[in-house]
Amino acid sequence: MDEEANGMDNSALHRLRELQRERDEKHNALEVLIRRVEGLQYELDEKADLVEVLSCRVEELQRERDELRKDIEQLCMQQAGPGYVSVATRMLSQRTAALELDIENLQKKLGGCLRENQNLQEELAEAYRVKSQLSELHGTELSKNKDLEKQVRFFQSSVAQAFSERDNSLMKCEKAKEQEEAVLKKFADFEERTREYQCAIDDQKRLNDAMQMELMELKAQTEYSMQVIHKFYEVRCRDSECPLNITWEEKCSILLDDSADNWSFISDEGTSTSKHL
């Protein structure tokens with residue numbers, strides 16, 4: 001869980017850095033474009049001023065040409081001599097040609113300025129269009145950046161929550177480990193007691209087996225003793241009256257109460273018999 005949360009956080013931060021870098025690049029491009037637009041606007045203003053100056057100069061030269069023509073016409077009317085008229089005409093032609101040349105040059109220069117002004121207007125319009133697009137893109141990137149910052153904050157909150165859950169899980173694991181160790185210790189003690197009890201049971205079993213063997217021997221001996229007592233009691237009952245339906249203890253008591261002089265044993269041809277006297 002920790003590695004997954006760190007991976008999500010690093011991915012979001014990496015994406016945020018990329019968007020911030022793209023935003024800075026577009027912002028720098030927008031600033032360059034704004035400076036270019038300002039430069040074009042300045043050049044356009046200068047060209048407009050130059051066009052205005054050239055237009056004024058053309059109008060001034062045209063007015064000067066017209067005034068010069070009027071002056072020459074008046075002089076020709078005042079001085080009617082043919083020599084003066086030819087000189088004045090030649091001077092007028094030269095002056096007019098010079099003025100026409102200046103006017104033509106100025107009109108060409110004015111036309112070039114107008115064309116350059118038109119080009120600057122078109123370039124300025126394109127620059128404004130690009131500026132508008134970049135502004136929209138910049139706004140879009142800012143919106144994306146805000147959304148991504150929200151996602152980063154959400155991921156950071158999720159990671160913090162994951163870390164908190166991890167810490168709680170670790171604490172629970174530690175408690176569970178302690179409980180497990182306590183249970184294992186109790187289980188080890190239980191196994192130790194079980195082994196002790198098993199050893200005691202084995203010892204008791206061996207003792208019971210020994211006592212069982214001894215009991216079987218005692219039972220066999222008791223059986224033999226009962227047979228002997230029954231035998232002696234039958235011998236006694238052949239020579240004297242005695243009760244029959246009595247217990248073995250009563251028979252033993254009767255035989256024990258008899259005097260030792262009342263009993264004798266005679267060997268006959270290798271066999272032992274007893275006779276009650």
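No value in this document is a laboratory result; all are computed from the given coordinates. The structure displayed is predicted, hence computed values, not measured ones. Cβ atoms come from the backbone with ideal geometry, glycine included; neighbour counts cover every protein chain shown.
Data table
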{"quantity": "Potential lengthening between A97 and E116 on full extension [0.36 nm per residue; Cα-Cα distance subtracted]", "calculated": "4.1 nm"}
{"quantity": "Förster-model FRET efficiency, 30 Å R0, S11 and S143, C-beta, rounded to 0.05", "calculated": "0.90"}
{"quantity": "Extended-chain gain in nm, criterion 0.36 nm per residue less alpha-carbon gap, R129 and S169", "calculated": "8.6 nm"}
{"quantity": "Rough spin-label spacing in nm, given labels placed 7 Å along Cα→Cβ, for E67 and D239", "calculated": "20.1 nm"}
{"quantity": "Packing-based order for 21-34, 199-212, using average beta carbon neighbours within 10 Å, highest first", "calculated": "21-34, 199-212"}
{"quantity": "For the stretch 126-277: relative contact order, % (alpha-carbon pairs under 8 angstrom, 6 or more apart)", "calculated": "12 percent"}
{"quantity": "Sequence-distant lysines (8 or more away, or on other chains) whose Cα lies within less than 25 Å of K146", "calculated": "K26, K131"}
